[in-house]
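Chemist: Below you'll find the structure I mean.
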Amino acid sequence: MTGFALGAEQEEWCGQLRALAADRLRPLADQGEPGRVNRPLLAALGELGLLERVFTSGALELCLLRESLAYGCTEAETALALQGLGAHPVLASGTPEQRARWLPHVRAGRAVAAFALSEPGAGSDAAALALEAVPEGGAGRSGAEGAPAAGGGWRLSGEKCWISNAPEADFYTVFARTGEGPAARGVTAFLVPADRPGLSGEPLDMLSPHPIGRLTFDGVPVGPRDLLGQPGGGFRVAMDTLNRFRPSVGAFAVGMARAALDATLAHTAARRAFGGVLGDLQAVGHRVAEMATRTEAARLLVYAAAGAYDAGSPEVPRRSAMAKLLATETAQYVVDHAVQLHGAVALQRGHLLEHLYREVRAPRIYEGASEVQRTIIAKELYR
Ligand SMILES: Cc1cc2nc3c(=O)[nH]c(=O)nc-3n(C[C@H](O)[C@H](O)[C@H](O)COP(=O)(O)OP(=O)(O)OC[C@H]3O[C@@H](n4cnc5c(N)ncnc54)[C@H](O)[C@@H]3O)c2cc1C
């Protein structure tokens, strides 16, 4: 990338990804069941080497990957991103044994990963999470700074909610309160395989098309070998993961906005009305111009944030928050106006825009709601 434009090789790669999404991944997505994990789709992402890229790419490359897949197949994009979110803590903080056990299967699309941070009582304020890790032997989390007896483990009790890929994932990165300190300082990350006794879950019926559910932990046993990082270091593990993925949530949104924009251009150039086509009407042309301008601004802000991340810039928190905020809000604007300019046909079940209308809403809430991004930006500006 030079200044404001992608290089020829990057453009070519994006074109290949868009073609793969449309020709190879879209048919697999269409065969999946809404709200359920689509294992054939995940296996195809593995075979194509795209899951591997989630773990080896820089931030800009990850953005191009997510944007290009989202353009043609949001289901593939989301399945890929969730593997990254769920497994990045294993890559970054796991032991060699945990990495060897899970990462090859995650990369091949054989093992489904999930990131379990949110709870019914702790969403934006994730540091308030209450899922309790009680040291075995019954010391209780207030005793001995929550530390289990040497070589001992913990029992996890509580609930996680709105967890993507739950309850069908094969393992969960779970953030629990071990009580080394207050709030964020008393949180520990664990890798919990789905077949642990005491772990159950149920799917939730959401507007967003991807799989999502609730998990119940009823004394689930975990030991030192299940730790991801140090006891008390779990909140850092969660935040490092979210920071890495934040610009690329913006890229997902840009991919959807570009798909909606292109569909609108095609539709308004062909739809006949009042003796011409819709695009001849100035009100329509101006609306499309606004959609295109905002999409381009969001795209450039996302690339700039990803570039800053790759360069190790101190501006990453501000730039990433701006990119996620602008891109997700812009995608909502563009998809909504795309629906308006298509008229009734866009609301028919199965239409691209009906699908995007359901997809576009959630990214303004998850991985830091828009208001939370504004708080981060303001804090950085006043620093
Ligand atoms: C489709 C989808 C997938 C998800 N996947 C996952 C997942 O895989 N793993 C996971 O752990 N979680 C996941 N989540 C949960 C998500 O992270 C939370 O929904 C998010 O953190 C917001 O929490 P909340 O919904 O409890 O809203 P709350 O925290 O109750 O906030 C509600 C609203 O209050 C406002 N608000 C909140 N904080 C502030 C603030 N500081 N300043 C101003 N206004 C504020 C915002 O408008 C916000 O939308 C998912 C959610 C959705 C919708």
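Just so you know, all these numbers are worked out from the coordinates, no wet-lab data involved. If you're wondering where the values come from, they're calculated on a predicted model, not measured in any experiment. Positions of Cβ are backbone-derived with ideal geometry, glycine not excepted, and every protein chain shown enters the neighbour counts.
Chemist: Run the numbers on the chain and let me know its relative contact order in percent, using alpha-carbon pairs under 8 Å that are six or more apart.
Modeler: RCO, the chain: 15 percent.
Chemist: What is the magnitude of the charge dipole of the chain about its Cα centre, with +1 placed on the Cβ of each Lys and Arg, -1 on the Cβ of each Asp and Glu, and no other charges, expressed in debye to the nearest 20?
Modeler: 320
Chemist: Anyone know which of Ala127, Ala298, Ala269 comes out most mobile in the 10 Å Cα GNM of the chain?
Modeler: The residue that fluctuates most here is Ala269.
Chemist: Using only alpha-carbon positions, what ratio does the radius of gyration of region 276-368 give when scaled by 2.2 N^0.38 Å?
Modeler: Region 276-368 yields a ratio of 1.29.
Chemist: Taking 8 Å as the Cα distance limit and 6 or more residues as the minimum spacing, I'd like the relative contact order of region 236-382 as a percentage.
Modeler: Across region 236-382, relative contact order equals 31 percent.
Chemist: Two decimals, Cα atoms only, Kirkwood Rh: what is Rg/Rh over region 197-260?
Modeler: 1.10
Chemist: Would you kindly derive the ³J(HN,Hα) couplings of region 109-114 from the backbone phi angles with the Karplus curve 6.51 cos²θ - 1.76 cosθ + 1.60 (θ = phi - 60°), listing them in order in whole Hz, with x for Gly and Pro?
Modeler: For region 109-114, the Karplus-derived couplings read x, 8, 10, 9, 9, 8 Hz, x marking Gly and Pro.
Chemist: Follow-up question, since we're still on this one. What order, most packed first, do the peptides 179-189, 60-70 have when packing is the mean number of other Cβ atoms within 10 Å of each residue?
Modeler: Highest mean packing first, the order is 60-70, 179-189.
Chemist: Then there is this: Compute the FRET efficiency between Gln340 and Glu12 as 1/(1 + (r/R0)^6), taking r as their Cβ-Cβ distance and R0 = 25 Å, and round to the nearest 0.05.
Modeler: 0.15
Chemist: To continue, here is another question. Could you tell me the relative contact order of region 8-108? Use alpha-carbon pairs under 8 Å, at least six residues apart, and round to a whole percent.
Modeler: Once normalised by length, the contact order is 35 percent.
Chemist: Then there's this: Of the residues Ala346, Ala311, Ala331, which exhibits the maximal mean-square fluctuation in a Gaussian network model of the chain defined by a 10 Å Cα contact cut-off?
Modeler: Among Ala346, Ala311, Ala331, the largest GNM mean-square fluctuation belongs to Ala311.
Chemist: Kindly provide the helix-only [θ] at 222 nm of the chain, computed as the sum of -39,500 (n - 2.57) over DSSP H runs of four or more divided by all residues, to the nearest 500 deg cm²/dmol?
Modeler: -17000 deg cm²/dmol
Chemist: Given N residues in region 113-232, what is its alpha carbon radius of gyration divided by 2.2 N^0.38 Å?
Modeler: 1.01
Chemist: Explain nothing, just the number: dipole magnitude of region 171-284 about its Cα centre with +1 on each Lys and Arg Cβ and -1 on each Asp and Glu Cβ, in debye rounded to the nearest 20.
Modeler: The dipole magnitude comes to about 280 debye.
Chemist: Can you give the FRET efficiency to the nearest 0.05 for Ser124 and Leu381, using r as the Cβ-Cβ distance and R₀ = 25 Å?
Modeler: In this case the efficiency is close to 0.80.
Chemist: Using all Cα-Cα distances in region 6-120, what percent lands in each 10 angstrom bin from 0 up to the longest?
Modeler: 14, 46, 31, 9, 0
Chemist: Specify the angular offset, from 0 to 90 degrees and rounded to the nearest 10, of the alpha carbon long axis of helix 59-72 from the longest principal axis of the alpha carbons in the chain.
Modeler: Its long axis makes an angle of about 60 degrees.
Chemist: Nearest-5 percent of antiparallel DSSP beta bridges in the chain?
Modeler: Of those bridges, close to 85 percent are antiparallel.
Chemist: Rank by packing, highest mean first: peptides 169-178, 106-115, 374-383, with packing defined as the count of other Cβ atoms within 10 Å averaged across residues.
Modeler: Result, highest mean first: 169-178, 106-115, 374-383.
Chemist: Tell me the chymotrypsin sites (Phe, Trp or Tyr not before Pro) within region 236-307 that lie in a loop according to DSSP and have at most 15 other beta-carbon atoms within 10 Å.
Modeler: Qualifying residues, ordered by number: Phe274.
Chemist: Rg/Rh for the chain: what does it come to with C-alpha atoms and Rh from Kirkwood?
Modeler: 1.00
Chemist: Could you give the length gained on full extension between Arg26 and Ala311, defined as 0.36 nm per residue of separation minus the Cα-Cα distance, in nm?
Modeler: 99.2 nm
Chemist: Starting from the Cα of Glu290, step 7 Å along the direction of its Cβ; do the same at Arg349; then give the gap between the two resulting points in nm.
Modeler: Spacing of the two 7 Å Cα→Cβ label points: 3.3 nm.
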